[in-house]
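Here the structure comes first, spelled out in structure tokens, and everything after it is commentary.
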Amino acid sequence: MEKLVVSGHAIGESNYHIILTPAYRRDVFRVVLLQELTIAYVAMKLKQLKVQLLAFDFGPDHLHLFVSNVRHVSEVELIRQIKGY
């Protein structure tokens, strides 16, 4: 039996698949160093927001994030914080 995630006001999971693209969908993620730096910064920000990064992947012009435990920040604020960081 799976253990449910319990918080002060809800029981269950909050998982999101987020796709982020750079301006004009430039293919900047072909550079491996840029991928490594980007995911390092995103992971740091998600840790500050108490959001768990479950998986990530890069396309040449976008980033996929699969996150969980989005309870301490709204979905819109989560995206704003990641993109602003």
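The values are calculated or read from the model by the stated rules, or taken from the named source; none is laboratory data. Worth saying up front: this structure is predicted, and the values here are computed from it rather than measured. Accessible surface is based on the protein model in full, side chains and every heavy atom, while ligands, DNA and RNA are left aside. Shrake-Rupley method; radii C 1.70, N 1.55, O 1.52, S 1.80 Å.
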- Between (i) 38, 28, 21; (ii) 41, 28, 19; (iii) 37, 35, 15, which matches Cα extents along the principal axes in Å calculated for the structure shown? (ii)
- Query: With axes computed from alpha carbons, what is the tilt in degrees of helix 75-84 against the longest principal axis of the chain, rounded to the nearest 10 within 0 to 90?
  - Reply: 30 degrees
- Item | Per residue value of the accessible surface for the chain (all protein chains in place, 1.4 Å probe), Å² | 72 Å²
- Item | Average Cα contact separation per residue, the chain, under 8 Å, 6 or more apart, as relative contact order % | 34 percent
- Message: Can you give me the % of accessible surface on the chain that is carbon or sulfur? Probe 1.4 Å, all protein chains present, nothing else counted.
- Response: 57 percent
- Message: Can you give me the angle between helix 32-48 and the longest principal axis of the chain, using Cα atoms only, in degrees from 0 to 90, rounded to the nearest 10?
- Response: 30 degrees
- Message: Counting only helical runs of four or more DSSP H residues, what would the 222 nm mean residue ellipticity of the chain come to if each run contributes -39,500 (n - 2.57) and the total is spread over all its residues?
- Response: -10000 deg cm²/dmol
